[in-house]
Amino acid sequence: MTYSIVACDPDRRRWGVAVQSKFLAVGSLVSWAEPEVGAVATQAWANPRYGPNGLALLREGLRAAEVVERLVAGDEGRDERQLGVVDREGVGAAWTGAGCNDWAGHRLGAAQQAGGDRRGQQSASLLVVERDGGYNRLSDMVVDLRVDDHPRPIDELARLYRLHDRLFGRTPRDRWLPLEGQLGDEVRAMLAGLGHSTLDDWAGIANLEQRVDGDEAIDPIVLEALREAS
């Protein structure tokens, strides 16, 4: 049926949830995460209160296993629930109720290749959080993408993620190209042809302002987009 992954990248201090299901807008119920706190996924006969309540317990400092124990202990419908939790240390714990549909449980691997949701595909989502890791370093939301109704939601989610990364991702500064010589002339000519005097002006129109910083060097992703637009 529905399958999800709850994960933590301790090196980058990121937490996230990904999910796919034959269920409309599955990401609105399953996925919950908070930077420096943890992440929660609730599925099967989902209990959406597991999300905020689980994050509240993680915020208090409880470990993943303790959070799972607390949540299911206070839920009379626990036998029909599934729950995954990753805490602030990156430690995970899960619950699968005895009353969940066959097959239900926890496995490591590629869920779609293993059969996915036997009912088919409909929606998918990807949620990733990091303290000040989102838009303009003023948001904790690194990625929050949802495909609510699509015949191939994972493919569509991948397409949206590529678009999101192009617009909001970050190329290490040492990979930027100096805007001098022939490349500088090319960029200035392209900007002029598009009716813009500066790279900042054009980037604002193209939603690439997050990838522009002055006029001494250019992000290769911005250069590619500028060439495509010219």
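Read-outs: derived from the displayed coordinates by stated rules, not from any lab. If you're wondering where the values come from, they're calculated on a predicted model, not measured in any experiment. Positions of Cβ are backbone-derived with ideal geometry, glycine not excepted, and every protein chain shown enters the neighbour counts.
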Among ALA225, GLY214, HIS196, flag the residue with its Cα farthest along the positive direction of the charge dipole of the range 173-229, charges on Cβ as +1 for Lys/Arg and -1 for Asp/Glu. ALA225
Alpha-carbon radius of gyration plus Dmax, which is the widest Cα pair, for the range 50-106 in Å: 11.3, 35
Quote the relative contact order of the chain in percent (integer), defining contacts as alpha-carbon pairs under 8 Å separated by 6+ residues. 18
Which value, in debye to the nearest 20, gives the size of the charge dipole of the chain about its Cα centre, when Lys and Arg are +1 and Asp and Glu are -1 at the Cβ? 740
In terms of the alpha carbon gyration tensor, root eigenvalues a ≥ b ≥ c, rounded if a/c is under 1.5 and otherwise prolate when a/b exceeds b/c or oblate, the range 173-229 is oblate
One point scatterer per Cα, no solvent, Debye formula: log10 I(q)/I(0) for the range 121-219 at q = 0.16, 0.19, 0.21 Å⁻¹ comes out as -0.81, -0.96, -1.05
For the chain, calculated [θ]222 nm from helices alone, where every DSSP H run of n ≥ 4 adds -39500 (n - 2.57): -9000 deg cm²/dmol
Considering Cα pairs under 8 angstrom that are at least six residues apart, work out the relative contact order of the range 173-229 and quote it in whole percent. 43
Please go through the range 165-222 and write out the trypsin sites (Lys or Arg not before Pro) that DSSP classes as loop and that have at most 16 other C-beta atoms within 10 Å. ARG170
At 20 °C and 1.002 mPa s, the Stokes-Einstein diffusion coefficient in µm²/s for the chain, with hydrodynamic radius from the Kirkwood sum on alpha carbon pairs, is 109
